[in-house]
Amino acid sequence: MLQVGDKVVYPMHGAGEIAGIEEHDVMGQGQMKSYYVMKMPIGDVKIMLPTDNIEGVGLRQVSPPEMLKKIEGVLKDPPVKATGSWNKRFHANLARLKTGDILEVAAVTRNDFWIQLNKFF
């Protein structure tokens with residue numbers, strides 16, 4: 001369970017901080033639901049995420065420093081050969097990024113880097 005003050009990453013939106021936990025009526029039906037209130041460091045953006053679905057939206061805590069070696073290992077691994085059309089790869093990569101798994105993000109970054117590099121050489 002996340003706590004107020006935790007630094008988190010929300011895929012496709014970036015890093016922020018849990019500023020609060022609030023209860024809100026879902027669509028005015030009298031059914032109360034708990035939400036994390038995430039404050040973004042740039043602008044006055046406030047994102048509310050249901051506390052019971054953080055895994056589903058990929059919300060995660062900022063990776064600890066010891067994770068850097070694992071990320072470095074993924075980035076140094078040989079790239080996975082791209083198959084299928086650019087559109088299929090795009091949707092597959094987007095799904096991987098939305099998981100919030102930092103190692104998946106690193107793998108997508110590595111593979112896309114090699115695709116771009118090979119376009120020029």
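Values quoted throughout were computed directly from the atomic coordinates according to the rules given, and no laboratory measurement underlies them. Remember, predicted model here, so these are calculated numbers, not experimental data. So basically every Cβ, Gly included, is an ideal-geometry build from the backbone, and we count neighbours across all protein chains shown.
Give me the distance between the Cα centres of the stretch 1-15 and the stretch 46-121, rounded to whole Å.
Going from one Cα centre to the other spans 17 Å.
With +1 on the Cβ of every Lys and Arg and -1 on the Cβ of every Asp and Glu, and nothing else charged, how large is the dipole of the stretch 1-62 about its Cα centre, in debye rounded to the nearest 20?
Charge dipole, the stretch 1-62, about its Cα centre: 180 debye, nearest 20.
If I take every Cα pair under 8 Å that is 6 or more residues apart in the stretch 1-62, average their sequence separation and divide by the length, what percent do I get for the relative contact order? List each step's numbers first, then the result.
On the way: 113 pairs, mean separation 19.8, N = 62.
Across the stretch 1-62, relative contact order equals 32 percent.
Given Cβ point charges of +1 (Lys, Arg) and -1 (Asp, Glu) and nothing else, what value in debye, to the nearest 20, does the dipole of the chain about its Cα centre take? Intermediate values should be presented prior to the final figure.
Numbers: 15 positive and 14 negative charges, 155 e Å.
Charge dipole of the chain: 740 debye, to the nearest 20.
Tell me, what HN-Hα J-couplings in whole Hz come from the Karplus equation 6.51 cos²θ - 1.76 cosθ + 1.60 at θ = phi - 60° for each residue of the stretch 95-111, using x for Gly and Pro?
Result, rounded to whole Hz: 4, 5, 5, 5, 5, x, 6, 4, 6, 5, 4, 4, 5, 4, 4, 4, 5.
Along the charge dipole of the chain, which of GLN3, LEU68, LEU117 sits closest to the positive end, that is, farthest toward it, with unit charges on the beta carbon of Lys, Arg, Asp and Glu (+1, +1, -1, -1)?
LEU117
Under 25 Å between alpha carbons: how many lysine pairs meet that in the chain, if sequence neighbours fewer than 8 apart on the same chain are excluded?
21
If R0 is 25 Å, what FRET efficiency do you get for GLN61 and SER34 from their C-beta distance, rounded to 0.05? Write out the running numbers ahead of the final one.
Working: r = 18 Å, r/R0 = 0.72.
Efficiency, from the Cβ-Cβ distance: 0.85.
For Cα Rg over 2.2 N^0.38 Å, several values are listed as [x] 1.21; [y] 1.30; [z] 1.03; flag the one computed from this structure.
Computing Cα Rg over 2.2 N^0.38 Å and matching it to [x] 1.21; [y] 1.30; [z] 1.03 gives [y].
If you take the square roots of the eigenvalues of the alpha-carbon gyration tensor of the stretch 1-62 and sort them as a ≥ b ≥ c, do you get rounded (a/c under 1.5), prolate (a/b over b/c) or oblate? Don't jump to the answer; show the numbers that get you there.
Working: a/c = 1.91, a/b = 1.62, b/c = 1.18.
Taking the square roots of the gyration eigenvalues as a ≥ b ≥ c, the stretch 1-62 is prolate.
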